[in-house]
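**Q** Structure incoming, see below.
The values are calculated or read from the model by the stated rules, or taken from the named source; none is laboratory data. Here the structure is a predicted model, which is why all the values come from computation and not from measurement. Note that each Cβ is placed from the backbone with ideal geometry, even for glycine, and that neighbours are counted across all protein chains shown. Side chains are part of the model used for accessible areas, which takes the heavy atoms of the whole protein and leaves out ligands, DNA and RNA. Shrake-Rupley method; radii C 1.70, N 1.55, O 1.52, S 1.80 Å.
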Amino acid sequence: MSLSLRRNRRRALLFAFLLLSTPILQAVTVHGTVTDTLGEPITNATVALVQNGKVLSNARSSSDGTYEISAPASGQFYILAGGTSFRQLTTRSFYGGKFDAVEQNVVLEPEWVRQSIVVTATGTPQPQAQVSASVSVLTKTDFMNRADMVDPLRQVPGFDVVQTGQRGGVTSVFIRGGNSDANKVLFDGVPMEDIGGRFDLSTVSSTGISNVEAYRGPNSVLWGSDAAAGVMAFSTPRGSTPFPSLLYEGDAGSFGTYRNEVQLGGTVRKVDYYGAFADFQTRNSIPMDEYHNITSVANLGFAPTSATSIRVTARNADIATGLPGAYAFNGIANDGKESDQDIFLSGTIDHNFSDLWHALVRYGMARKREESTQWYPAGNLIDGNYFGNFVTINGANGFSTAGQALMNFGGIYPYTIDLVSNRDNLYAQTDYSITPHLAIVGGFRFENERGAENEWVYDFSETLERTNYDYMLEINGDFRQRLFYSLGGGIQENQLYGTEGTPRIGVAYYAVRPGKGIFHGTKLYFNFAKGVQEPTIDDQFGSLYAFLLANGGQSTVAQYGIRPIGAELSRSYDGGVEQSLFNEQVVLRATYFHNEFGNQIEYVGANLVPTLLPNLTPEQQQSLREFLEQEGAFALTLNSMAFRAQGLESQVEYGIGRNIFIRGGYTYLDAVVQRSFSSDAVGPSYNPMFPTIPIGNDSPLVGARPFRRPPHTGFAGFTYSSKHLTLVATGAFSSRGDDSTYLGGSDVNFGNTLLLPNRNLDHGYAKLDLGTTVPITSWLSYYIQLENYLSQQHIGPIGYPSLPASVRTGLRFTLGRNIR
């Protein structure tokens, strides 16, 4: 063979080799480890790489749980994995380019267990089974057909959800006895609450929410100020289909209610997108109580490489609701309106430097404006002020009284209060896996807060600005997939109250690992944490300390040690056991918690403030009281209250086959006030009809329970899901709770005859709801939602009638795969 012929042959062979190898060289490679919820490798699990609904390649995990899949493609993929006695899992979509090596670790759950990957406990994704903290996850099925998130969050142990009135009424969440403003509320990692923690759950539409994490206990280490009692984290869906998926649903129902919602999502190579819009309207059953909520949501993701992702999410809510007031106390509805515009924006850059090292930077923005207007002074005019009709007020404790309550002072109308709460924060976090069993997380947060309160009628305007810094460091690890621990600490530097430290320790130990057997799988856990909360805008502007100093009350300040408004503090211990039964089909959890809340904000009513100025005559005191209430300063504030809240939180979950899931929970709360300015300085109020019973008008007295925290709460839920029917039935239950009518000094003689004893003043209730969805075709479904089937009128606190039994029914149109 000639030299030139041999050279041509070698060239041909080399060219053929390159042609054959090019698809492999240009393939995306996906690798990772398949484990169970405790981190044990799963052998022989099936793993498939899916694109556009088609399986490109599949593999099985090796003896150490590892797998590797290659495919000659690029774009958006997801992993489909499963194993014997494990539920099939679909991961979120991810981008992979040619020549990319992408890590996708997979955690498989037992077939009957309902657990999730959570982030609120440790700051990085962790299976619930490895977390010591109490975290519940609500998925889309849990709030199917719901217009808002009020009732779904009643299905969380330790959560007491209180709505003052009907749809759109201010809704507060008390977690394990903590105050309603002691909770961190997050939208894709960005704070949603007002400055100081105040948050109205009724403003959150179910539109644009994929799941909710409900964390019980302080976690100011990770989330900074306001996470003193718990955390609620809402997440936005992402587009996942290679073509636009469209979902529309529309319904109508009782009390002039209607709702329209449209969602659109999909992917285009390196981009995923999701958008949603909803309009909800109702007139409720009380006059002057119309409510509407228009919500828009967007989520846009871009992956320039398989290691880097950029994501921007936005949520806007325009809300208007009537302000009828305490209708049961007045028999007349106030003609008022509250308008809210809430805008939230999250921008995140996420990067994996390697399989072991990850970091993210997130910018968060919150713009909240609340405008409350009283159009005219509703009521019966008596001596220059306006009173309600003559009514009888009946407490759940058997006490009753009758009379006319003060509704409005004479003055200038319309009267408007404008509140502004703006927040910008920048958060940076990095986490590194030192070993497969030890990881470290560090973070830094800068936050700028700007607030304002304006009352234009009286030419009154106050503004504030706070610049805050948070630093955190946490270590998470395990020992032989049996002992899991988390040790962390945070430092909050707040411009108002200074520097506070917040440690946290969590330990979970499996005395018996989960597995097959009647009584197999015992988890013991313990947590200790401290939390810190900053005061709200109203708290700072309404400081009793500042008011007394400005009005000659220096002697009162010195006598009772009244200080400037500062941080509210919490300390919590909890521990418990989780037990699996019958091959993990049943899971039981029982947790004991003991919380101490100190330096809490307390409210001193405007009718009591003048008594703290002994230099004033009775006539001057009355004049001051009327001035304060006309100015909207119904109460002034100071850090003077302390209370403890301990109790038992229990829950059961039972998976019956693949279609039925049952769960229920019960929480016992023993909360008691240990220190109170109303008791120590102002003294209790008395109704002359009950002269021997001391009453806390604006705040509970020492030895009593904190208001609106009943000792017994519970829930139950039943879910049936199949191709032909989805049925969700839920119930929420509560015993009687302590409260006040807040009508001290508000009868026609400015006396206390409309006060009732605090103990067990609020009624107990049982709220039963039922929702069902029936597919008509592959793209059309019919649904119906029945709420408050028993038509109970005392689900809210005393004075605020609840919405009677109501029904909504509608159609759901789906083009493409469901958005998740």
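**Q** Checking E193 against (1) under 21 Å from S781 (Cα atoms); (2) among the charged types (D, E, K, R); (3) without any contact (Cβ under 8 Å) to a residue 40 or more places away in the chain, which test does it fail?
**A** (1)
**Q** Among N8, N52, which is of a type in the set (S, T, N, Q), open to solvent by 90 Å² or more (accessible area, probe 1.4 Å) and modelled with pLDDT of 50 or more?
**A** That would be N52, the only listed residue that is of a type in the set (S, T, N, Q), open to solvent by 90 Å² or more (accessible area, probe 1.4 Å) and modelled with pLDDT of 50 or more.
**Q** Separate question: Identify, from the list Y720, Y686, the residue that is surrounded by fewer than 20 Cβ atoms within 10 Å (Cβ to Cβ), over 29 Å from F329 (Cβ atoms) and among the hydroxyl-bearing types (S, T, Y).
**A** One residue alone meets the criteria, Y720.
**Q** With the requirement that a residue be under 30 Å from G515 (Cβ atoms) and either surrounded by fewer than 19 Cβ atoms within 10 Å (Cβ to Cβ) or of a type in the set (D, E) (or both), what does segment 60-76 give you? Write out each step before concluding.
**A** The first filter runs over segment 60-76 and keeps only residues under 30 Å from G515 (Cβ atoms), leaving 60-69.
Listed by number, the residues that qualify are R60, S62, S63, D64, T66, E68.
**Q** Where in segment 374-487 are the strands (runs of 3 or more DSSP E), entirely inside, with at least 2 residues that are open to solvent by less than 40 Å² (accessible area, probe 1.4 Å)?
**A** 385-387, 391-394, 400-403, 406-408, 415-435, 438-455, 460-479
**Q** Exactly one condition in (1) polar (S, T, N, Q); (2) without any contact (Cβ under 8 Å) to a residue 60 or more places away in the chain; (3) in contact with a Phe, Trp or Tyr (Cβ under 6 Å, 6 or more places away or on another chain) is false for N293; which is it?
**A** That leaves (2) as the condition not met.
**Q** Here's something else I'd like to know. Being in contact with a Leu (Cβ under 9 Å, 6 or more places away or on another chain), open to solvent by 30 Å² or more (accessible area, probe 1.4 Å), at pLDDT 90 or above and not in a helix (DSSP H, G or I) narrows it down to one residue among Q646, Q651, Q674; which is it?
**A** Q646
**Q** Could you look through segment 766-790, keep only residues that are in contact with a strand residue (DSSP E or B) (Cβ under 9 Å, 6 or more places away or on another chain) and part of a loop (DSSP other than H, G, I, E, B), and pick out the one that is surrounded by the most Cβ atoms within 10 Å (Cβ to Cβ)?
**A** Among those residues, the one meeting the criterion is N788.
**Q** Here is a follow-up. Could you identify the single residue in G717, G731 that is modelled with pLDDT of 95 or more, assigned to a strand (DSSP E or B) and in contact with a helix residue (DSSP H, G or I) (Cβ under 7 Å, 6 or more places away or on another chain)?
**A** Result: G717 is the single residue among G717, G731 that is modelled with pLDDT of 95 or more, assigned to a strand (DSSP E or B) and in contact with a helix residue (DSSP H, G or I) (Cβ under 7 Å, 6 or more places away or on another chain).
**Q** Scan segment 319-339 for residues that are in contact with a strand residue (DSSP E or B) (Cβ under 8 Å, 6 or more places away or on another chain) and either open to solvent by 20 Å² or more (accessible area, probe 1.4 Å) or assigned to a loop (DSSP other than H, G, I, E, B) (or both) and report the count.
**A** Total meeting the criteria: 12.
**Q** Spot the failing condition for F344; the list is (1) in a strand (DSSP E or B); (2) closer than 28 Å to G451 by Cα; (3) open to solvent by 30 Å² or more (accessible area, probe 1.4 Å), and only one is missed.
**A** Against the list (1) in a strand (DSSP E or B); (2) closer than 28 Å to G451 by Cα; (3) open to solvent by 30 Å² or more (accessible area, probe 1.4 Å), F344 comes up short only on (3).
**Q** Does at least one position in segment 147-159 carry a residue that is over 28 Å from T773 (Cα atoms) and touching a strand residue (DSSP E or B) at 6+ places or on another chain (Cβ under 9 Å)?
**A** yes
**Q** Follow-up question, since we're still on this one. Criterion first (touching a residue at least 24 places away in the same chain (Cβ under 8 Å), part of a loop (DSSP other than H, G, I, E, B) and farther than 25 Å from V391 by Cβ) does R705 satisfy it? Can you show your working first?
**A** Values: touching a residue at least 24 places away in the same chain (Cβ under 8 Å): yes; part of a loop (DSSP other than H, G, I, E, B): yes; farther than 25 Å from V391 by Cβ: yes.
Answer is yes for this residue.
**Q** Same structure again: Which one of these is modelled with pLDDT under 90, surrounded by 22 or more Cβ atoms within 10 Å (Cβ to Cβ) and at negative phi: L636, L628, L669, L616?
**A** Of L636, L628, L669, L616, the one residue that is modelled with pLDDT under 90, surrounded by 22 or more Cβ atoms within 10 Å (Cβ to Cβ) and at negative phi is L636.
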